Structures are given as C-alpha cells and as structure tokens.
Amino acid sequence: MDKLTIALSKGRLAEQAIELLEQAGYDCRAAKEKSRKLILEDAQTGLRFIMAKPADVPTYVEYGAADIGVVGKDTLLEESRQLYEVLNLGFGACRMCVCGPKSLAGKLDRLPNKRIGTKYPHIAREYFETKKRESVEIIKLNGSVELAPLIGLSDVIVDIVESGRTLEENGLGVLEVIEEISARMVVNRVSMKMKADRINPLIQAVRVQLDQNRQQATAAATGAATGAAGREVTA
C-alpha cells in the first residue's frame with residue numbers, strides 16, 4: 001500500500017487532529033505511540049505521521065515530504081507556501097490582531113511612521129504595506145511581544161490573541177483584527193493528483209465529521225438554552 005504521510009504540528013493541534021481523524025474512521029494508533037520517534041507509521045493502514053514544529057509543517061507539505069498537513073492559519077499566512085488549503089478544521093481558534101495602548105483605539109491611522117513589534121513579520125508587512133498601503137518599520141521579536149510597546153520599542157504589535165487576558169493585564173487592547181485563525185488541513189499539489197484515490201476520501205470523511213460535530217454542538221447549545229429557560233419559568 002502506498003503510504004500517505006501526514007505532518008502534524010506538535011502539541012495540542014496534533015492531539016485534536018488525531019482525535020478528528022479517529023472520529024472520521026481512521027486508525028491513528030501509530031500517531032499516539034508514546035516514544036521519541038519523529039516518524040510514526042502503521043504498515044496496515046498505510047498512514048505515516050510526522051511530528052514537526054508548526055513552522056515546518058507547510059515546508060514539508062510544499063516539498064512533498066508530507067502529503068497532508070495540519071497547521072494553524074497563522075503559520076500558513078506567515079510561511080506563504082504553495083499548497084492547497086482544503087479544510088478549516090475549526091479548532092485552535094483565535095485572532096491575528098494589531099494590539100497596542102488603548103489610547104490608540106480609533107487613532108491608529110493617524111500615527112505616522114509606525115514601528116511594529118511582532119513574531120510574524122510577513123503578516124505584519126502584508127497587512128500594513130499591501131492592504132493599508134502604509135510604510136512601517138517591522139521589528140522581529142521572539143519572546144513576549146506585549147513588552148515592546150510598554151518600553152517604547154514599538155508603537156504597536158501584531159500577534160495572536162486568544163482570551164486577551166495578557167493584553168488587559170498590561171494595559172493594552174486589540175486595535176484591529178487582521179484575520180480569524182484556526183487549524184487548517186493542507187495538501188501537497190502533486191499528491192492531490194497522484195494520490196487522489198486516498199486523499200479525496202480522507203478529506204470528505206473529515207468534512208462530514210466536522211459537519212456532524214457542528215450539528216451536535218448546536219443541538220447541545222440549544223438544549224442547554226432550553227433547559228435554562230425552563231428552569232427560569234419553573235422558578
């Protein structure tokens with residue numbers, strides 16, 4: 001059997017991707033093996049899993065080292081690789097935002113010669129220079145980017161925002177939303193043609209499972225709301 005190689009971002013995204021694939025009917029026991037191996041494969045199913053750093057997943061898929069990858073939209077935007085993005089998996093949801101002192105809310109466009117601190121220089125440059133047509137200075141950072149505007153290194157930052165708690169505790173806020181972020185499934189362009197008989201059914205199975213999960217979540221939320229309303233009436 002021709003192997004189908006799937007590159008997964010180490011950590012929580014990999015765990016959620018494996019769970020989804022299992023829900024869709026795929027045997028992923030090999031991927032859950034407790035070891036230091038970086039390549040995990042099952043000869044019976046023909047599935048091979050690569051556990052990689054998120055930033056490397058698009059590279060492996062673009063160059064054909066992996067047929068399929070699961071990685072965050074933020075990484076895809078930053079890496080800008082030649083891939084097919086086939087599914088929004090929904091989990092790992094957050095936002096890519098421009099953040100800074102709350103005093104800049106609604107005034108960001110008036111700020112000349114902006115300095116942007118970020119872990120995502122490509123995304124920041126693309127947003128400001130291409131979409132907003134503004135000239136900016138990008139300062140590449142690797143640690144806690146929230147520190148940059150607090151010490152005057154940058155005017156604002158471009159970063160991932162989940163709860164926003166860190167921003168709030170440091171007197172910062174979201175000024176603009178660049179992109180909604182979540183995990184995506186991507187496919188190598190050549191593999192999509194050469195291994196279509198295996199890749200297309202996998203995509204369809206995962207798509208169907210995602211629809212089922214959404215329907216179940218909606219039904220659960222509706223049931224919870226109905227129950228709460230009933231309790232209020234009874235009270």
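The values are calculated or read from the model by the stated rules, or taken from the named source; none is laboratory data. Note that the coordinates shown come from a computational prediction; the quantities given were computed from them, not determined experimentally. Cβ: placed from backbone, ideal geometry, glycine included. Neighbour counts: every protein chain shown.
Annotations for the structure displayed:
- Answer residue from the range 1-52, given it is among the polar types (S, T, N, Q) and farther than 17 Å from V186 by Cα and is surrounded by the fewest Cβ atoms within 10 Å (Cβ to Cβ) among those: S35
- Output for the range 80-129, where each listed residue is within 19 Å of G173 (Cβ to Cβ), of a type outside the set (A, V, I, L, M), under 16 Å from the mean Cα position of the chain (by Cα) and assigned to a strand (DSSP E or B): C94, R95, C97
- Unmet requirement for E78, which otherwise passes all of (1) at pLDDT below 95; (2) crowded, with 17+ Cβ neighbours inside 10 Å; (3) touching a His at 6+ places or on another chain (Cβ under 9 Å): (1)
- S191 being crowded, with 17+ Cβ neighbours inside 10 Å, modelled with pLDDT of 95 or more, farther than 29 Å from Y60 by Cα and of a type in the set (S, T, N, Q): no
Yes/no matrix, rows are residues, columns are (1) basic (K, R); (2) assigned by TED's automatic domain parsing to the domain that holds H122; (3) over 22 Å from the mean Cα position of the chain (by Cα); (4) farther than 23 Å from Q212 by Cβ:
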position: A24; (1), (2), (3), (4): no, no, no, no
position: C28; (1), (2), (3), (4): no, no, no, no
position: K32; (1), (2), (3), (4): yes, no, no, no
position: S35; (1), (2), (3), (4): no, no, yes, yes
position: D67; (1), (2), (3), (4): no, no, no, yes
position: E78; (1), (2), (3), (4): no, no, no, yes
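- In the range 146-175, the residues that are at pLDDT below 95 and either under 19 Å from the mean Cα position of the chain (by Cα) or hydroxyl-bearing (S, T, Y) (or both): E162, S163, G164, T166
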